[in-house]
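The values are calculated or read from the model by the stated rules, or taken from the named source; none is laboratory data. Source: prediction; values computed, not measured. Every residue, glycine as well, gets a Cβ built from its backbone with ideal geometry; the counts of neighbours run over all protein chains shown. For accessibility, only protein heavy atoms count, side chains too; no ligands or nucleic acids. Shrake-Rupley method; radii C 1.70, N 1.55, O 1.52, S 1.80 Å.
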Amino acid sequence: MIPTIEWHGKQVRMIDQRKLPHKVGWHICRGYKDVVKAIEGMVIRGAPAIGVAAAMGLAMGAASIRVKSLDAFRDRFTRMADEMSKARPTAVNLRWAVERMSRVVEKGASGSVESVKKALRHESEKILAQDIEINKKIGRHGQRLVPKKATILTHCNAGSLATGGYGTALGVVRAAQEAGKDVAVLADETRPWLQGLRLTAFELMQDRIPVTVIADNAAGSFMRRKRVDLVVTGADRIAANGDVANKIGTYQIAVLAKENRIPFYVAAPLSTIDLTLASGDLIPVEERNPREISHLGDKTLGPSGVRAANPAFDITPSKYVTAIITEKGIIKPPFKTGIKRFF
Ligand code: MRU
């Protein structure tokens, strides 16, 4: 499995996911602003991965602050943290990581600027290592829901590349395979960035897990023809009532899964759950550049000047979710009380 992101001396490097699968290469970030841009520009994406990137970016930014007093340091750090947390609005893991890093600065109030910088770097390394451990736990819990022989439909990429490593939804697939189950994946291509075709298929083929890519609009037909045993997706944010924000297109899959009596599971770390939001209606949904829909690279696909809309995520009401798989175990409906118990 290729690493998603890592420290390279004082720099942070990440696999440039815009270029996968044809080119596997590092994108080097030399300062925190490079990380902000990389997150905005989809060099790195996936909720847990952008949380890890934000933490590393802030540790790198903090290391470059040249002041002596902790007050001045905190001021500069807070500005960086604000900028970082705005890089993408939907995945709450980004805000979660920024808040965790900010707490390190608060805790270091009685120490020196240098000791806080060191603690920030250490915290970012911990966040990365913990993310991989958490995904393995999600996998172990989730694989219990997978029959001995199963075709699993997934949307977008909730794999190793979307996290520090191993993946959430694909972590469940990996763990099922490691447990000796005969699993195959149906991967929605996931327009417009094609994370399913470019990333999910790439990862699974590297791990020799059978994968077939389908057009997004084929998922319903595959379900109706009994070619799907269960659906597992990731999440960008889960509200306190269990409503799930995930890649645009997830909602229609969840509705179709219920219609066809196929379980629809969401695999996500607890850091994806936002207890401050009562329902999914309150989750901010990122609107991206309409050119991502109307164009392929520089080439326009439709009539010149055509209007396009590009919401990057949608909200799946919790009534369509069979269970949420977390590192602490499986949360079943009713989610409002189930989620509370896990915190
Ligand atoms: O726009 P992206 O590629 O960042 O969207 C990613 C997703 O929607 C994933 O399903 C989600 O972040 C979970 S990743 C473990």
The chain, convex hull of Cα, quarter of hull surface, nm² -> 17.5 nm²
Å² per residue, accessible surface of region 5-136 at 1.4 Å: 45 Å²
Order of 116-125, 235-244, 282-291 by packing, highest average Cβ count within 10 Å first? 235-244, 116-125, 282-291
Just the Cα atoms of region 104-149: what Rg and Dmax do they give in Å? 17.7, 57
Tell me the angle of helix 113-142 to the major Cα principal axis of the chain, expressed in degrees between 0 and 90 and rounded to the nearest ten. 10 degrees
Hey, can you grab everything whose amide H is under 5 Å from the amide H of Tyr166? Only 5+ residues off in sequence or another chain; H modelled, so Pro and N-termini drop out. Ser160
When the Debye formula is applied to the Cα atoms of region 228-343, each taken as the same point scatterer, what base-10 log of I(q)/I(0) results at q = 0.15, 0.20, 0.24 Å⁻¹? -0.68, -0.98, -1.27
Compute the acute angle (0 to 90°) between the alpha-carbon long axis of helix 92-107 and the principal axis of greatest extent of the alpha-carbon atoms of the chain; round to the nearest 10°. 20 degrees
Dividing the surface of the Cα convex hull of region 140-342 by four yields a projected area in nm² of 11.5 nm²
Can you tell me the convex hull volume per residue for region 5-136, based on C-alpha atoms, in Å³ to the nearest whole number? 96 Å³
So which residue, out of Gly159, Gly111, Gly41, gets the largest mean-square fluctuation from a GNM of the chain using Cα contacts under 10 Å as springs? Gly111
Sequence-distant or interchain residues sharing an amide H contact under 5 Å with His27, placed H: which? Met14, Ile15, Asp16
Between Arg79, Arg45, Arg144, where does the largest GNM mean-square fluctuation fall for the chain, given springs only between Cα atoms within less than 10 Å? Arg79
Taking amide H atoms as placed 1.01 Å from N in the peptide plane, list the residues 5 or more away in sequence, or in a different chain, whose amide H sits under 5 Å from that of Ile248. Phe313, Asp314
Looking at the chain, send over the antiparallel percent of its DSSP beta bridges, to the nearest 5. 50 percent
Out of His27, His295, His155, a Gaussian network model of the chain with alpha-carbon springs under 10 Å gives the largest mean-square fluctuation to His295
Helix 47-63 against the longest principal axis of the chain: what's the angle in degrees, Cα atoms only, rounded to the nearest 10? 10 degrees
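Within the accessible area of the chain, what % is carbon and sulfur when the probe is 1.4 Å and the other protein chains stay in place?
53 percent
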